[in-house]
Each structure stands twice: as structure tokens, then as C-alpha cells.
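Colleague: The structure's right below; bear with me while I get my questions together.
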Amino acid sequence: MSLWLERPGLHHEAAWLDIVGEIRAAEEPIVPYSLTLDLDSYLDFWHKTEQYSNGDNLGDKVRADTFFLMGDQKPGRILGAINLRYGLNEYLRLYGGHIGYGIRPSERGKGYATAMLGLGLKECRRSGMKKVLLTCETWNRASARVMEHQGAVLENVVNLGEKRFARYWIEL
Ligand SMILES: CC(C)(COP(=O)(O)OP(=O)(O)OC[C@H]1O[C@@H](n2cnc3c(N)ncnc32)[C@H](O)[C@@H]1OP(=O)(O)O)[C@@H](O)C(=O)NCCC(=O)NCCS
């Protein structure tokens, strides 16, 4: 089985509508947020994703890339998505971290998130990052396992309102 990351292209529209539809039908929040950026139109999403990638009009946000996880077992199907943020603002430093990811509900429990994070870490290394911060809410054992599989070391747990975020680092 082969898995790889693809940058969103204009040809991904149908596959994107399919994964977003599945997550919405499951009544789950969209994770990572960058999978839709809260947009319903693929073209709008694509344009804004390009802006993030190029570092245009960022405001208080940081430059970031989103990649889709694809595999040869189900060609053309987006299995999940990962968001790589090349810096930290105040929110990211405490609660968000450098990387966000999610696997569509029907494809979970197959090791895809662990593999996707591994591929994302390679991209981070390629872009010159030396260590990355990852966070997850303390109830999210699956996400914590994914990080631990990739060598994450817990720094601390911080509170944001009712939520508790575990903060981990991975040396690249
Ligand atoms: C978290 C998430 C990305 C994991 O994706 P996945 O592809 O199922 O993960 P993997 O198959 O690589 O499994 C990783 C580990 O999680 C464990 N795991 C999976 N579901 C679990 C659950 N409900 N409870 C506890 N552990 C779980 C697996 O057993 C595996 O650990 P192991 O190798 O030690 O057995 C996926 O559940 C998801 O997209 N959730 C919604 C979005 C989200 O929470 N993203 C992370 C935000 S920080």
C-alpha cells in the first residue's frame, strides 16, 4: 500500500465534496479546520489555501500548507488532511501547535493518521523546521497515540476554558 500527500488542485473538487460531506453527515466538526476554512465553495477554498501557502493577506495568521492524504488502494479518494503551519502566533503557541490533522470517519483505525503525520513531518523538515509543536485535547487518546508513534514528547497540559490541551514536541 502506498500513501502520499497532494496539494489541493482544481481537479480535487469532487473528492473534496465527498470527504466534507461524509464528515458533516457524521455531525463531526471539520478537523483540520483548514480542510474547508469554513467555506462551502471548493474554488473559494482553493484560492484561500493558495493565499495561506504563499503567505498573502495573512493578518494575524501564519503561513501554512494544507495537504490531502491519498492512497493507491482507493485512487482519487481523499483519506484525510493535514495542515502544516510554519510559525506560531499566540493561540498556536499555547493551544493549536504547528500541525493539525484528521482522517475521514470511514477510514479511521487503519494507521492512516500515523502515516500522514510522518509524511507531514518530512515536509516540515524539508522546509527547514527543527522542531514542531503538536497539541490535542486530553480526551483525544487516538490523536495522542498518533503523535506518540511519531516520537512526540509531552511538555505540559494547559487549560482554555473547559478544554484541556496536551502540548507535545517532536524534534525533526
Ligand atoms: C485522531 C485521528 C486523526 C486518528 O486517525 P486514525 O487514522 O484512526 O489513527 P491511526 O489508525 O493512525 O491510529 C493511531 C492510534 O490511535 C488508536 N486509536 C484509534 N481510535 C481510538 C480511540 N477511539 N480511542 C483510543 N485510541 C484509539 C489506535 O489504536 C492507534 O494506536 P495504536 O497504534 O497504539 O493501536 C482520527 O480519529 C480523527 O480524524 N479524529 C477526528 C479529528 C481529530 O481528532 N484530529 C486530531 C485533532 S488533535
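Colleague: Which pairs do you get when a residue that is among the charged types (D, E, K, R), found in the stretch 88-110, comes within reach of a residue that is part of a loop (DSSP other than H, G, I, E, B), reach meaning Cβ atoms under 8 angstrom, with the pair 6+ apart or on two chains?
Modeller: Listed by first residue and then by second, the contacts come to Arg104/Ile78; Arg104/Leu79; Glu107/Leu79.
Colleague: Inspect all residues belonging to the stretch 103-122 and state whether any of them is assigned to a strand (DSSP E or B), at pLDDT 95 or above, out of contact with any Cys (no Cβ under 8 Å at 6 or more places or on another chain) and crowded, with 19+ Cβ neighbours inside 10 Å. Steps first, answer last, please.
Modeller: Let us first name the residues in the stretch 103-122 that are assigned to a strand (DSSP E or B), namely 103.
From what's left, at pLDDT 95 or above: 103.
From what is left, the residues that are out of contact with any Cys (no Cβ under 8 Å at 6 or more places or on another chain) are 103.
Among the residues that remain, those that are also crowded, with 19+ Cβ neighbours inside 10 Å are: 103.
Taking every residue of the stretch 103-122 in turn, at least one turns out to be assigned to a strand (DSSP E or B), at pLDDT 95 or above, out of contact with any Cys (no Cβ under 8 Å at 6 or more places or on another chain) and crowded, with 19+ Cβ neighbours inside 10 Å.
Colleague: Could you tell me how many of the residues in the stretch 140-158 are assigned to a loop (DSSP other than H, G, I, E, B) and over 23 Å from Glu22 (Cα atoms)?
Modeller: Residues flagged as assigned to a loop (DSSP other than H, G, I, E, B) and over 23 Å from Glu22 (Cα atoms) within the stretch 140-158 amount to 3.
Colleague: Is one or more of the residues making up the stretch 43-60 outside any helix (DSSP H, G or I), within 28 Å of Arg167 (Cβ to Cβ) and basic (Lys, Arg)?
Modeller: The answer is no, given that none of the residues of the stretch 43-60 is outside any helix (DSSP H, G or I), within 28 Å of Arg167 (Cβ to Cβ) and basic (Lys, Arg).
Colleague: Sticking with this structure for a sec: Do we find a residue being within 14 Å of the ligand (Cβ to nearest atom) and aromatic (Phe, Trp, Tyr) anywhere in the stretch 70-86?
Modeller: no
Colleague: While we're here: Of these, Arg93, Arg24, which one is at pLDDT 95 or above, basic (Lys, Arg) and within 14 Å of the ligand (Cβ to nearest atom)? Can you show your working first?
Modeller: Details: Arg93 fails: within 14 Å of the ligand (Cβ to nearest atom).
Going through Arg93, Arg24 in turn, the sole match is Arg24.
Colleague: Determine, yes or no, whether Gly111 is in contact with a strand residue (DSSP E or B) (Cβ under 8 Å, 6 or more places away or on another chain) and either near the ligand (Cβ under 8 Å from one of its atoms) or within 16 Å of Pro32 (Cβ to Cβ) (or both).
Modeller: No: the conditions fail for Gly111.
Colleague: Still on this model: What are the pairs with Cβ atoms under 6 angstrom where one residue, in the stretch 115-132, is of a type outside the set (Gly, Ala, Ser) and the other, located anywhere, is assigned to a helix (DSSP H, G or I)? Sequence gap at least six, or different chains.
Modeller: Listed by first residue and then by second, the contacts come to Leu117/Val146; Val132/Cys124.
The values are calculated or read from the model by the stated rules, or taken from the named source; none is laboratory data. A quick note: this is a predicted structure, and the numbers were derived from the prediction, not measured. Cβ atoms come from the backbone with ideal geometry, glycine included; neighbour counts cover every protein chain shown.
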